[in-house]
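Asker: A single structure is presented below for examination.
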Amino acid sequence: MESHEKGDLTEAAVITELKRRGIPVLIPFSDNQRYDLVLEAQNGRMQRMQVKTGWLSDGVIQFHTKSQHTNSQGNVYKHYDGDIDGFLVCVHELETLYLVYEDEFNSRITLRVETPDQPDASINWASDYTFDERWPP
């Protein structure tokens, strides 16, 4: 599946899960925004969200925390730097949705689902980031 098609599939899956939970979802008119969706919390607060496809690798969920586009010089990567409030990470093989706020990490974050050989206090456990545990904000 092409990257853009996978992104469309992920957005559709995320919107379905949000609507199933009764969460109002706003979709920008064009692709010119840095966010994919805006969610309305029960208190009326709006949250700008970037939808990402996560993948499982060696007991860890990974996802891209920056955008990528191509120009005449090649691939260009850009961090979101305050342009969004958080990431909605859909991991298709786990059928799970995660919510990671942008201000919770510097440039990269992974979510661990399996216990590592060497325990570490700095591990970000995926179970702490499940959408239903973190919403509403």
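Asker: Within the stretch 86-97, can one find any residue that is in contact with a strand residue (DSSP E or B) (Cβ under 9 Å, 6 or more places away or on another chain), among the acidic types (Asp, Glu) and over 23 Å from Asp132 (Cα atoms)? Give the steps one after another, and end with the answer.
Answerer: First, the residues of the stretch 86-97 that are in contact with a strand residue (DSSP E or B) (Cβ under 9 Å, 6 or more places away or on another chain): 86-94, 96-97.
When the remaining residues are screened for being among the acidic types (Asp, Glu), the result is 93.
Now restrict to residues that are over 23 Å from Asp132 (Cα atoms): none.
There is no residue in the stretch 86-97 that is in contact with a strand residue (DSSP E or B) (Cβ under 9 Å, 6 or more places away or on another chain), among the acidic types (Asp, Glu) and over 23 Å from Asp132 (Cα atoms).
Asker: List pairs: first in the stretch 34-59 and over 16 Å from Thr10 (Cα atoms), second assigned to a strand (DSSP E or B) and modelled with pLDDT under 95, Cβ under 8 Å, 6+ apart or cross-chain?
Answerer: Arg34/Ser67
Asker: What residue, among those in the stretch 50-65 that are part of a strand (DSSP E or B) and closer than 21 Å to Ser122 by Cβ, is farthest from the chain's Cα centre (by Cα)? Break it down stepwise before answering.
Answerer: Initial filter on the stretch 50-65 (part of a strand (DSSP E or B)): 50-53, 55-57, 60-62.
Now drop any that are not closer than 21 Å to Ser122 by Cβ, which leaves 56-57, 60-62.
Details: Leu56: 14, Ser57: 17, Val60: 15, Ile61: 11, Gln62: 10 Å.
Result: Ser57.
Asker: Select from the stretch 68-103 the residues that are surrounded by 15 or more Cβ atoms within 10 Å (Cβ to Cβ) and either over 20 Å from Leu39 (Cα atoms) or of a type in the set (A, V, I, L, M) (or both) and list them in ascending order.
Answerer: Hits for the stretch 68-103 are Ile84, Leu88, Val89, Val91, Leu97, Leu99, Val100.
Asker: Which of the residues that make up the stretch 67-84 are touching a strand residue (DSSP E or B) at 6+ places or on another chain (Cβ under 8 Å) and without any contact (Cβ under 8 Å) to a residue 40 or more places away in the chain? If you could, list the steps in order and put the result at the bottom.
Answerer: If we filter the stretch 67-84 for residues that are touching a strand residue (DSSP E or B) at 6+ places or on another chain (Cβ under 8 Å), which is where we start, we get 67-70, 75-80, 83-84.
Passing the criteria: Ser67, Gln68, His69, Thr70, Asn75, Val76, Tyr77, Lys78, His79.
Asker: Further, regarding this structure: Enumerate the pairs (first residue in the stretch 1-22 and without any contact (Cβ under 8 Å) to a residue 60 or more places away in the chain; second residue anywhere and among the polar types (S, T, N, Q)) with beta-carbon separation below 6 Å, excluding pairs fewer than 6 apart on the same chain, so at least 6 apart or on different chains.
Answerer: Lys6/Thr53
Asker: With the condition kept exactly as written, say whether any residue in the stretch 90-97 is out of contact with any Phe, Trp or Tyr (no Cβ under 9 Å at 6 or more places or on another chain), assigned to a loop (DSSP other than H, G, I, E, B), closer than 27 Å to Ile27 by Cα and among the hydrophobic types (A, V, I, L, M, F, W, C).
Answerer: First, the residues of the stretch 90-97 that are out of contact with any Phe, Trp or Tyr (no Cβ under 9 Å at 6 or more places or on another chain): 94-95.
Next cut, assigned to a loop (DSSP other than H, G, I, E, B) only: 94-95.
Right, trim to closer than 27 Å to Ile27 by Cα and you get 94-95.
Pick out the ones that are also among the hydrophobic types (A, V, I, L, M, F, W, C) and you get 94.
Yes, some residue in the stretch 90-97 is out of contact with any Phe, Trp or Tyr (no Cβ under 9 Å at 6 or more places or on another chain), assigned to a loop (DSSP other than H, G, I, E, B), closer than 27 Å to Ile27 by Cα and among the hydrophobic types (A, V, I, L, M, F, W, C).
Asker: Now for a separate question. What's the total number of residues in the stretch 1-53 that are out of contact with any Cys (no Cβ under 8 Å at 6 or more places or on another chain), under 18 Å from Val91 (Cα atoms) and among the hydroxyl-bearing types (Ser, Thr, Tyr)?
Answerer: The total comes to 2.
The values are calculated or read from the model by the stated rules, or taken from the named source; none is laboratory data. Every value quoted in this text rests on a predicted model; they were computed, and no experiment measured them. Quick reminder, even Gly has a Cβ in these numbers, built from the backbone with ideal geometry, and neighbours come from all protein chains shown.
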